[in-house]
1. Using only alpha carbons, build the gyration tensor for segment 73-181 and give me the equivalent ellipsoid semi-axes, biggest first, whole Å.
2. Mind listing the long-range amide H neighbours of residue 158? Cut-off is under 5 Å, sequence gap 5 or more, other chains count too, H placed in the peptide plane at 1.01 Å from N.
3. Based on the Cα atoms of segment 1-145, what semi-axes does the equivalent ellipsoid have, where each is the square root of 5 times one gyration tensor eigenvalue, given in whole Å with the largest first?
4. Where Rh denotes the Kirkwood radius from the mean inverse Cα pair distance, what is Rg over Rh for segment 35-117?
5. Compute the acute angle (0 to 90°) between the alpha-carbon long axis of helix 169-180 and the principal axis of greatest extent of the alpha-carbon atoms of the chain; round to the nearest 10°.
6. Where q = 0.14, 0.24 Å⁻¹, what log10 of I(q)/I(0) comes from the Debye formula for segment 124-168, counting one point per Cα?
7. Which lysines, if any, have their Cα less than 21 Å from the Cα of residue 44, not counting same-chain residues under 8 positions apart?
Amino acid sequence: VSKVNVLLAAMLDAAVDDGLILLNPAKKKRTVNPPSSSQVRAQKPEIVTWTGPQLHAFLAWNRDELNDELFPLWRTLAYTGMRRSQALALRWSDVNFTTARISLRRAVDVALPNTTRVTKTGSARVIDIDAETLRVLKALKSDRGAISLDLARADAYVFGDDSGAIRAPDAVTSRWTRRLD
């Protein structure tokens, strides 16, 4: 709203300078101000999260009954709190199996398919992972290596597709929605 107001005021200032209008109506004192960002956030509905048992039930169903190939992704997202785009850009070199840590260095660029960018903050951060998530990731690396050794190399994407490419974030979100349904 502010950018539009500034642009409109500049155009109307030019019209005043050219003698087309006498006063700039965009510079009149406003009677109604746009809402502040804190007011907009206050009006948003509160996010409802799952309880621990609900999360455990979903993950157990996803692993045992559905036998979902993306179970390691869902588990990693749930137990690390990383963003979807960060998880999809994760490489095996970012996972330290000795120290049980993940280094977040990049994120998938949603605007450009199959490319990555720096994280939102612009700096890397390290996340500690629990033993079970570490075990799931080790099993995933072994499974991916059985498909092709290229999928288990240090520069390969942890949650890439079977050809080694980055999974499309929107496709992953669609699969998540179907799992929830």
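1. Ellipsoid half-lengths, sorted descending, are 19, 17, 15 Å.
2. For residue 158, the qualifying residues are 90, 91, 92.
3. 50, 20, 13
4. We get a ratio of 1.07 for segment 35-117.
5. 70 degrees
6. With one equal scatterer per Cα and no solvent, log10 I(q)/I(0) is -0.37, -0.89.
7. Straight-distance partners of residue 44: none at all.
Every number in this text was worked out from the coordinates using simple rules, so none of it is lab data. Every value quoted in this text rests on a predicted model; they were computed, and no experiment measured them.
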